[in-house]
Each structure stands twice: as structure tokens, then as C-alpha cells.
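Below: the structure, in C-alpha cells.
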Amino acid sequence: MLGKVIFPITLLVSIMQYTPLLPWLIDLISPAMGLIGLPGDAAIPLVLGNFLNLYAGIGGILALDSLTVKEVFIIAVMLSFCHNLFIETSVALKVGVKLWVVLVTRIGLALVSAVVINLVWNGGSEVIKYGGAVGGEETITGIWAILWNGLEAATTGTLKLAMIIIPLMLVIQIMKDLNWLNLFSKWMKPMTRMLGMKENTSMTLVAGLVIGLAYGAGVMLEAVREDGVSRKDMTIAFIFLVACHAVVEDTVIFIPLGVPVIPLLIIRLVTAILLAMIISRIWARLDEKKGKVEPRGQENHNPII
């Protein structure tokens, strides 16, 4: 199911980067960069990161040698919240999360965080010194070469997905048969309850936090299908994971840029927790007013729609 999403989108976006569309978007966005404290050419890594992935975004940052520490940090925070938009949004739709929820959350977090950091942080004016190097992309020319590169990227992405998801689902099924997940859910109960979700959402949270939205989607789909995770809990979990997912990979990847990664991780984690708690409280209040939840917080038997 995920392969049907990942393959065509990866193929399309891989080809798209060799068309005039990306340069056009960069030129279109550049004038607005000053509103969030960034120079016009900062649109390059932002467009690449959202159309392609974080690696492409970082490659775009490294191509700009005049950025300050503050500017690179702002771009890093924005890309942490909003990247790989096509694939990860498609995954969200497969899980059952509404399109507008994903886009408003991701783009909103990126823009708000940039504005706040720009206003609050007065330092970081020195020019960034990158702490490492990232290999550049190979130049590809010719229609058939571009098409072949897209097919190769799409096939590799789908196979990589299978190599991660299939063993992971096998391990999870074994854990279910041995009743280990019940114990794990009890350990996660305080966390999921604090975030306003039920215990059966725990595996979704862990999968997204550890391996990310795209690869964690297999666990999420399984949770919806077998564990009876409600649309409400899945939406709140996805909002949490939009702000903070793949915490190891998506944090370590910014080390070569020389930006402070610990504050970056803290910003993502705190934002995810606060956002999930706020959304769950608002959702509970709305359900209570509609008569779906008793005043004391006990859910009745009406399904959440």
C-alpha cells in the first residue's frame, strides 16, 4: 500500500527537479524570505527540502557560503518541521489524517518557529563555518538519463521501505503474540495519557519517533487496522510526530552544518508535546459539547467521526 504512494511520487519529484519548476518556485518565494529573517537565496534549501528531502535541503544550505549561524539555525528548524512534503503528506492521507491538518501544522510550525527565533535570538550574526562536508549531487542531462534516475530513485526508495517495514512488522507481530506489547503499552500509558491519547497509540508514537513518518507509516496503518486506534488518536499522534519524528536521524543530519543540534531537538520535542496536549484538550472540549463525551471525561459508545 505504501509502495503505491512512495514509488510514483518519488519518480515524479525526482524528474521535477530537472525542470524549470523548482527555479521558478525559488524565484517566487525569495522576496518573502525577509519576513522570517532570511536572505532571498535561503529559498533554495527550503524548496529543495520540501520538494525532495532533508539531504537535498542540506545540500542547498552548503551551497550558500554567506549564511550566518542564526540564519542556518532558522532554516534547520524550519526544515525539521516541514520537509519531504509530498511523500509524508501522502502517507498521512493513507493513515486517515486530513490534508489540511497536515499542511497547516507543518507549514504553520515552520513559519511560526522562524518568526519567533528571528525575534527572540539577537546573536548568531557570525558567518557559519560548516562542521563537515556533504557530497554534491551528480549532474544529469538528457531525457532518458533523467527518467532512469527517477526510476532508480523510486525503486530504491520502495525497496528501502520494504527492507525496513517488513522486518519491523514481523517483530511487532511476534511481540503481539507474546503479549509484550501489553507490557509496553503500560509503560507508555503516562505519556499517551498526558498527550490525550489511548494506550493503543503507543506503537505509532514509538515508530514515528524512531524511524520517521514515511517508514513508521507501516506501523501506523497496522495500528489503525488491528488495534482500533481512533481517528482522533491517530490525528493527535500524527500532529505530534509532524513536529518531532525520526529524532535521531533528523537531528544528527544537521551536525555537518555546525548548528547547535541539542536546542534543535529540544525545540522539536517541546513543540510536539505542547501541540498534542493543546489539540487533545480542544478536541475533548468540542466532543463534550457535542455529547460524545460525558462531563467527567468518560467516552460514551458513539464513534468519533
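What follows draws every value from the coordinates through simple rules; no lab data is involved. If you're wondering where the values come from, they're calculated on a predicted model, not measured in any experiment. Quick reminder, even Gly has a Cβ in these numbers, built from the backbone with ideal geometry, and neighbours come from all protein chains shown.
The label point for Leu151 and the one for Lys98, both projected 7 Å from the Cα toward the Cβ, are 4.1 nm apart. The calculated Kirkwood hydrodynamic radius for segment 1-131 is 15.5 Å, given to one decimal from all distinct C-alpha pairs.
Apply 1/(1 + (r/R0)^6) to the Cβ-Cβ distance of Glu226 and Leu159, taking R0 = 22 Å, and write down the FRET efficiency to the nearest 0.05. Spell out each step's value before the answer.
Numbers: r = 25 Å, r/R0 = 1.14.
Between Glu226 and Leu159 the formula returns 0.30.
Computed over segment 221-278, the percent of Cα pairs more than 16 Å apart is 52.
Subtracting the Cα-Cα distance of Lys290 and Asp27 from 0.36 nm times their residue separation leaves 90.0 nm of extension gain.
Rounded to whole Å and sorted largest first, what semi-axes of the equivalent ellipsoid does the C-alpha gyration tensor of segment 11-67 yield via the square root of 5 times each eigenvalue?
Numbers: eigenvalues 75, 35, 15 Å².
Ellipsoid half-lengths, sorted descending, are 19, 13, 9 Å.
Taking label positions 7 Å along the Cα-Cβ direction at both Met191 and Ile273, the computed distance is 1.1 nm, reported to one decimal. Restricted to Cα atoms, segment 76-121 shows a radius of gyration and a Dmax of 12.0, 39 angstrom.
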